[in-house]
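Presented below is the structure to which this report refers.
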Amino acid sequence: MNKKTRGEELTDIFETVEFPDAYKVSYLANAIVIPTYEDVRRDFGLVRAEYHLICAWLTIRSLLRKT
């Protein structure tokens, strides 16, 4: 039996999921987004949920000022 390399093992999921294109896009997006979460945590001490709440609050506040 041929042994698979680590890279081959990680990409096997692309062949088994029902919507491989959607999975690939999600995989690539996470490759960008997850390091960004770590940068925000390191630079500002905020975890993902905290800055999502801050962004939502700022958006709502700006919408309310327009009315």
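Which angle from 0 to 90°, rounded to the nearest 10, does the C-alpha axis of helix 20-44 make with the longest principal axis of the chain?
Orientation of helix 20-44: about 50 degrees from the principal axis.
Could you compute the FRET efficiency for Leu46 and Val25, with r as their C-beta to C-beta distance and R0 at 25 Å, rounded to 0.05?
0.40
Modelling each spin label as a point 7 Å along the Cα-to-Cβ direction, I'd like the Leu53/Thr36 distance in nm, to one decimal.
Going by the 7 Å Cα→Cβ label model, 2.1 nm.
By its C-alpha gyration tensor, with a ≥ b ≥ c as the square roots of the eigenvalues, how is the chain shaped: rounded for a/c under 1.5, else prolate for a/b larger than b/c, else oblate?
Oblate is the answer for the chain, as a/c is 1.5 or above yet b/c matches or exceeds a/b.
Please give the calculated 222 nm ellipticity per residue for the chain, where each DSSP H segment of at least 4 residues contributes -39500 (n - 2.57) and the sum is spread over every residue; nearest 500 deg cm²/dmol?
-26000 deg cm²/dmol
Could you give the dipole magnitude of the chain about its Cα centre, charging the beta-carbon of Lys and Arg +1 and that of Asp and Glu -1, in debye to the nearest 20?
460 debye
Nearest 10 degrees, 0 to 90: what angle lies between the long axis of helix 48-66 and the longest principal axis of the chain (Cα atoms)?
So the helix axis and the longest Cα principal axis differ by about 40 degrees.
Rule-based calculations on the coordinates, nothing more; no lab input. What you see is a predicted model, and the numbers here were worked out from it, not measured in a lab. Cβ atoms come from the backbone with ideal geometry, glycine included; neighbour counts cover every protein chain shown.
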